[in-house]
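Next up is a structure, given as structure tokens.
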Amino acid sequence: MDARRERKAALDRLEACCRAAALAEPIVIDLRVVAEEVLTNVAKYAFAPDTPPALELRVAFAERAATLEFRDRGRPFDPLAAPAPDLDLPPEDRPLGGLGLALVRALVDEARYEREGTANVLRLVKRLTPQ
């Protein structure tokens with residue numbers, strides 16, 4: 001199976017888990033968008049060319065939150081340290097990239113990155129109820 005089909009299958013499984021946990025539709029969509037962005041970035045940037053990307057996605061549901069944990073053994077990269085894009089600049093004056101990470105940050109309530117040995121670990125938490 002190629003990387004795109006694997007990514008789509010993983011996103012479909014995530015969505016099915018979210019629906020089985022009876023999450024509200026807007027939360028299901030937000031979590032799928034977040035996961036798609038992270039999976040795509042890891043596949044594109046974490047590994048050397050011609051190296052198949054390998055990533056593990058763990059999902060946990062608690063009473064008030066859903067947690068997505070992404071683990072990969074790619075190049076060390078803290079996506080939370082990347083500066084937010086200046087959205088006040090006209091698009092033609094902005095550097096390329098960074099919008100997906102800004103979207104991820106906007107759709108989750110908590111985000112943490114750690115380098116655990118040779119693994120990048122990104123934990124994203126979405127509250128299921130307003131605070």
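The values are calculated or read from the model by the stated rules, or taken from the named source; none is laboratory data. From a predicted model like this one, the values you see are computed outputs, not experimental measurements. Neighbour counts are summed over all protein chains in view; Cβ atoms, including those assigned to glycine, are modelled from backbone coordinates with ideal geometry.
For segment 54-65, name all the residues that are more than 14 Å from Arg13 (Cα to Cα) and either in a loop (DSSP other than H, G, I, E, B) or in contact with a strand residue (DSSP E or B) (Cβ under 6 Å, 6 or more places away or on another chain) (or both).
Answer for segment 54-65, where residues must be more than 14 Å from Arg13 (Cα to Cα) and either in a loop (DSSP other than H, G, I, E, B) or in contact with a strand residue (DSSP E or B) (Cβ under 6 Å, 6 or more places away or on another chain) (or both): Ala54, Leu55, Ala62, Glu63, Arg64, Ala65.
Still on this structure, please answer the following. Are any residues in segment 73-83 hydrophobic (A, V, I, L, M, F, W, C) and loosely packed, with under 15 Cβ neighbours inside 10 Å, and if so, which ones?
Residues satisfying the conditions are Leu80, Ala81, Ala82.
For segment 84-108, name all the residues that are closer than 28 Å to Ala54 by Cβ and either surrounded by 13 or more Cβ atoms within 10 Å (Cβ to Cβ) or in contact with a Gly (Cβ under 9 Å, 6 or more places away or on another chain) (or both).
Selection gives Gly98, Leu99, Gly100, Leu101, Ala102, Leu103, Val104, Arg105, Leu107, Val108.
Suppose we keep only residues that are assigned to a loop (DSSP other than H, G, I, E, B) and in contact with a helix residue (DSSP H, G or I) (Cβ under 9 Å, 6 or more places away or on another chain) within segment 22-53. Which one would you say is surrounded by the fewest Cβ atoms within 10 Å (Cβ to Cβ)?
By that ranking, first place goes to Pro52.
On to the next question. Name the one entry in Asp72, Asp50 that is at positive phi, of a type outside the set (Val, Ile, Thr) and either touching a Phe, Trp or Tyr at 6+ places or on another chain (Cβ under 9 Å) or at pLDDT below 90 (or both).
Asp50 is the lone residue from the list that is at positive phi, of a type outside the set (Val, Ile, Thr) and either touching a Phe, Trp or Tyr at 6+ places or on another chain (Cβ under 9 Å) or at pLDDT below 90 (or both).
Search segment 112-127 for residues being buried (at least 16 other Cβ atoms within 10 Å of the Cβ) and aliphatic (A, V, I, L, M), and hand back the single one that is farthest from Ile27 (Cα to Cα).
Looking at the filtered set, the residue picked out is Val121.
Test Arg5 against the criterion of being modelled with pLDDT of 95 or more and either among the aromatic types (Phe, Trp, Tyr) or out of contact with any Cys (no Cβ under 7 Å at 6 or more places or on another chain) (or both), and give yes or no.
For Arg5, the condition - modelled with pLDDT of 95 or more and either among the aromatic types (Phe, Trp, Tyr) or out of contact with any Cys (no Cβ under 7 Å at 6 or more places or on another chain) (or both) - is not met.
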